[in-house]
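Comments concern the structure below.
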């Protein structure tokens, strides 16, 4: 006998054993295979991670809009019975199923560490299925059952049981709290609507023994005997149309609860990007003295880059954090301020870098005990440490390293005050923007109870978000037009920044339709107000035209980092020339491409899928950016209902138009502008 819940939008059903066995939208095709709704992970009897599943009798309760399942026992793979009480509830509200779970650990001597819920067990023969996840702004996993093989761990994890693509949100790479199953003309939205931004693991899993593909989110309540937790905010929805419907749902929730778009200063909005320079390396090597910065700005200006983004500008170079003192051998404070003023005299701008979380263990702040007290601790009470081994001209430092860092816990109030002092220093130097490196992420949760937070501190990124909000307020109260930026894409911190320097650039700009596709479009469409950079164009060894074109396609700002910030763009003259052409093209369409709203693939259509494209809208104008990632020329017609063609242009002057069809040679970049209800109609 099945227990079911249904409305005009979707249906949900369970078999007598409590396995989810039915889930679909308006199309009656079932999307799932019978499978338990949840799994838990226990710590018990010297074993740290024991998977347990529902066991024994359970109680069903059904109302018009909700269905509850109550469990009192679970079982391990070795047949051990564990006393855990679980109450799961599904509530239907229009096109959404909202999941809720209450857990209580009843087993003495154990810890309920992890709860995997709700598990979406996808049916094997779903047509043309791909999965969109939010790593680094977004990736599309095509041919999921084969692509999941890329996540083998050489059996460091139990690959013989599960292959898992997994990542933490909010964290180093998880940028939004949702997953999307993308089908042909429809799909499934799986979101976590949690305005407290508690740490959650997103998991795409292949269960080897039964060939089952599952999607779930894992929470980490760490319940001791007698403790209980309430987990909610999990949402499933079946949509008809494209993935944009799912992204719209996530954005609507964010806008109704916690998200307000930042007001971004014109110095950032109107900029094409920056040139990132390290002045003094971690090993003490002086790469670029203050006096050379005006020349560096001139080099960047030839590519229409107006901003110098300065790292390692202190006496200690890329270390010494949180001490920031201009180098006295170069004139100290006055010498650096003079260089900033000279860049301003060239109509340029300056961003100063400060690390937002790491503490140098050689610094007086750490050695005094204050840094030791403030830093993140691991479960055993030892400090979480990080290493960034940048070398000089020898071999030792690149292998053994030169610096050891600990990481500040954002719950430490003194740390926020230190970052405020960094803001004051940057303002006194005349900086146009202040950048806090690494502030959009966290590598490890804190286990130090003396900080006053729960252990483990799964709310650590919410604490970081609150700290960033305080820093933004502090800056804007003093200088509203000075920008504030962070590294790493994460929606919940991006709200309080004026720009985000991404951590990893699109890894495969020549994507050919197989495997895992970089898809920053997902974040950019969901939060189009957030300014992102590109990254990782460091030399001319490969065809830089493709990632530069990708930058324009996504509406990103340019991050110039030649030889990892050791040289100016003059050292790569071909890249310099091409970037100048591309930025000039964007300037010719500034109203739409730089100041308009990113609309992804909405509002127009193409007749050639090999041409990558996106649209930008501003008022009555719609611009379609077209690129060719293939060696062969591509022909494409663009249809924009309700608009008429006005003009087109290309970066290199190599794109032609014949009888309404654009012809794009290899690596071409073009922009076609359309206008709604123009006074003068121009036919293509």
Can you say whether residue 128 is surrounded by fewer than 20 Cβ atoms within 10 Å (Cβ to Cβ) and within 24 Å of residue 30 (Cβ to Cβ), as far as the supplied structure shows? yes
When the stretch 192-220 is checked residue by residue, the ones that are assigned to a strand (DSSP E or B) and more than 18 Å from residue 100 (Cα to Cα) are 203, 204, 205, 206, 207, 212, 213, 214
Tell me, yes or no, whether the stretch 519-529 has at least one residue that is more than 22 Å from residue 270 (Cα to Cα) and either modelled with pLDDT of 90 or more or buried (at least 20 other Cβ atoms within 10 Å of the Cβ) (or both). yes
Verdict on residue 195 being in contact with a helix residue (DSSP H, G or I) (Cβ under 6 Å, 6 or more places away or on another chain) and surrounded by fewer than 16 Cβ atoms within 10 Å (Cβ to Cβ): yes
Residues of the stretch 422-467 satisfying the condition of being assigned to a helix (DSSP H, G or I) and closer than 30 Å to residue 223 by Cα: 449, 450, 451, 460, 461, 462, 463, 464, 465, 466, 467
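Per-residue answers, yes or no, for (1) part of a helix (DSSP H, G or I); (2) surrounded by fewer than 17 Cβ atoms within 10 Å (Cβ to Cβ); (3) modelled with pLDDT of 95 or more:
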residue: 563; (1), (2), (3): no, yes, yes
residue: 567; (1), (2), (3): no, no, yes
residue: 577; (1), (2), (3): yes, yes, yes
residue: 586; (1), (2), (3): yes, no, yes
residue: 591; (1), (2), (3): yes, yes, yes
residue: 599; (1), (2), (3): no, no, yes
Any idea which of (1) within 26 Å of the chain's Cα centre (by Cα); (2) in a strand (DSSP E or B) is the one residue 149 doesn't satisfy? (2)
I need the full set of residues from the stretch 292-319 which are at pLDDT below 95 and within 28 Å of the chain's Cα centre (by Cα), in order please. 318, 319
Say we look at the stretch 426-452 and pick out the residues that are at pLDDT 95 or above and closer than 18 Å to residue 171 by Cα; which of these is farthest from the chain's Cα centre (by Cα)? 447
Of all residues in the stretch 472-486 being surrounded by fewer than 23 Cβ atoms within 10 Å (Cβ to Cβ) and in contact with a strand residue (DSSP E or B) (Cβ under 9 Å, 6 or more places away or on another chain), which is farthest from residue 412 (Cα to Cα)? 482
Listed residues 125, 160; which is in contact (Cβ under 8 Å) with a residue 24 or more places away in the chain and assigned to a loop (DSSP other than H, G, I, E, B)? 160
Those residues of the stretch 263-282 which are out of contact with any strand residue (DSSP E or B) (no Cβ under 7 Å at 6 or more places or on another chain) and surrounded by fewer than 19 Cβ atoms within 10 Å (Cβ to Cβ), in sequence order: 263, 264, 266, 269, 270
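The values are calculated or read from the model by the stated rules, or taken from the named source; none is laboratory data. These numbers were taken from a predicted model, which means no experiment stands behind them. All Cβ positions, even for glycine, are placed from backbone atoms using ideal geometry, and neighbour counts span all protein chains on display.
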